[in-house]
Amino acid sequence: MDIKSLEDRFEAKIAAGESIEPKDWMPEKYRKTHIRQISQHAHSEIVGMLPEGNWITRAPSLRRKVALLAKVQDEAGHGLYLYSAAETLGISRDEMTEQLLSGKAKYSSIFNYPTLTWADIGAIGWLVDGAAIINQVMLTRTSYGPYARAMVRICKEESFHQRQGYEIMLTLCNGTPEQKALAQDALNRWWWPSLMMFGPRDAESPHTEQSMKWKIKRKTNDELRQQFIDITKPQADILGITIPDPDLKWNEERGHYDFGDIDWDEFWQVVNGNGQCNKDRIAAKQKAWDEGAWVRDAAVAHAEKKEQKKQKLSA
Ligand code: 3HC
C-alpha cells in the first residue's frame, strides 16, 4: 500500500474514533508525539513520588502514613504502566531514563516545588491530583489504545489520591487556627503552579492544534484549566480558605470563573530547569538509577541463565 493510502486509512480510523494500536501504521509525527507525551507523563509520575515521599516518615499519624505510602506506591505503578505504553512505540526504558536524567525530556513543572509542611501533602492530593484527574479522564479517550487503557486504570487510583488530600485539608481547616493557617499557606503556594500543570495557553502551545486533530487531546489546555478552576473554587469555599487570586470571580454570562493572569515567566523558568527543586529532583533520580544498577544487572543475568537452561533442555 502506498503512503497516501496508509495516511488515508489512518485518518479514517481517527475520524471514526477508532483506537490506533501498536501494530497499526501511523505517521512518524504521531508516534514521536506519543513517545514525547507518554514518556514525560511517566517521568512526572516517578519524579512526583519525591516531594510526597519526603513526608512518609513525618506523617502526623499511622493512618496518614499508610494512606500516603499507598499513594506514593500507586504513582510508581502509574509510571510503570506509562513507560510500558511508551515502549510499544519503539523506545526502550533505558533511552527514556537517559532522556530524563540528561534533561532532554521534561516532567511536570509542579514537582519542582518543595513540600514545606504537612498541609502541602493535603494540597498536592487535592489540587495536583485534582488537576491530573481532569487531564487524565480526558486522556482515557485519547486515540492511542495503550495510552487510553493505561489512563482508565490510573484514573481509578487518582480519585483516592484526590480524596485523601482533600480530607487532610478538611481536617486542618476544621482544626485549630494554626492548622487552618497551614492549609491556607499551602493553598497560597500550590494554587498557581497547579494551574500551570495544564501547559501554556492554547495560543502559545506548539502541539495542541495537531494533538486535537489526531484526538490525542480531546480538550485543549485552556479548556481543561478552566474546568479545574470551576470545580475547585467551590471546594475551597467548603474548606473556608481563600484562593490567592483577587480576580477569581464567577462570570454568569460565560458560566465559568474569570481568573487572574498566570505568571508564564515563572512557568517557563521552572520548565527550563530553573525551579526551586529541579536540580535536587534530577540528582535524586540519578542516584536511584546508579544505586539500582546491580538490580538491573542481576535481573538480566537471571533472564539470560533461564534462557540458556531452556535452550539446553530443548536441544
Ligand atoms: N510541565 C513541564 N512541561 C510542560 C508543562 C508542564 N506543566 N506543560 C507543557 N509543557 C511542555 C510540553 O511538554 C511541551 O514541551 P516539549 O515539546 O519539549 O515536550 C511545551 O511545554 C509546550 O506545551 P504544549 O501544551 O504544546 O505540549 P503538550 O501538547 O504536550 O501539552 C500537557 C502539555 C497538557 C502536559 C500534555 O503533555 C499532557 O496532557 N501530558 C499528559 C499528562 C501529564 O503529563 N501530566 C503531568 C502530571 S502527572 C501527575 O500529576 C501525576 C499525579 O499522579 C500526581
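The values are calculated or read from the model by the stated rules, or taken from the named source; none is laboratory data. Quick caveat, the model's predicted, so the values are computed rather than measured. FYI the Cβ positions are ideal-geometry reconstructions off the backbone, even for glycines, and counts take in every protein chain you see. Each accessible area value is taken on the protein alone, full model and side chains, heavy atoms only, with ligands, DNA and RNA left out. Shrake-Rupley method; radii C 1.70, N 1.55, O 1.52, S 1.80 Å.
The table that follows gives values for the structure above.
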item	result
Residue-averaged 222 nm ellipticity for the chain, from DSSP H runs of 4+ at -39500 (n - 2.57), nearest 500	-21500 deg cm²/dmol
Charge dipole of the chain about the Cα centre (unit charges at C-beta), most positive-ward option of 235, 92, 314	314
Rough spin-label spacing in nm, given labels placed 7 Å along Cα→Cβ, for residue 256 and residue 304	5.6
Whole-Å distance, taken between Cα centres, linking the stretch 1-35 and the stretch 145-164	25
For the stretch 1-145, the spread of Cα positions along each principal axis, largest first, Å	63, 32, 21
Per DSSP, loop GluC sites (Glu not before Pro) in the stretch 178-221 with at most 11 further Cβ within 10 Å	none
Ranked packing of 268-276, 154-162, most packed first, by mean Cβ within 10 Å	154-162, 268-276
Fully extended contour minus Cα-Cα distance, from residue 76 to residue 274, at 0.36 nm per residue	68.8 nm
Percent of alpha-carbon pairs separated by more than 22 Å within the stretch 53-212	49
Surface share of carbon and sulfur [accessible, 1.4 angstrom probe, percent] for the stretch 148-307	56
Candidates 116, 62, 224, ranked by Gaussian network fluctuation over the chain, Cα under 10 Å, top entry	62
Amide proton proximity set for residue 260, modelled H, under 5 Å, gap of 5+	247, 248
Peptides ranked, highest mean first, by Cβ atoms within 10 Å: ranges 89-95, 44-50, 134-140	44-50, 134-140, 89-95
Extension gain, residue 201 back to residue 58 (0.36 nm per residue minus Cα-Cα distance, nm)	47.7 nm
FRET E, pair residue 95, residue 7, Förster distance 30 Å, beta-carbon r, rounded to 0.05	0.65
Over 18 Å (Cα to Cα) - which of 71/287; 29/219; 23/213; 4/29; 32/213; 32/287 fall in this group	71/287; 29/219; 23/213; 32/287
Where only C-alpha atoms are counted, convex hull volume of the stretch 216-315 per residue in Å³	245
Size of electric dipole in the chain: Cβ of Lys, Arg +1 and of Asp, Glu -1, about Cα centre, debye, nearest 20	1360
Relative contact order computed over the chain (Cα-Cα under 8 Å; 6+ residues apart), in percent	18
Over 27 Å [Cα-Cα, the chain], rounded percent	48
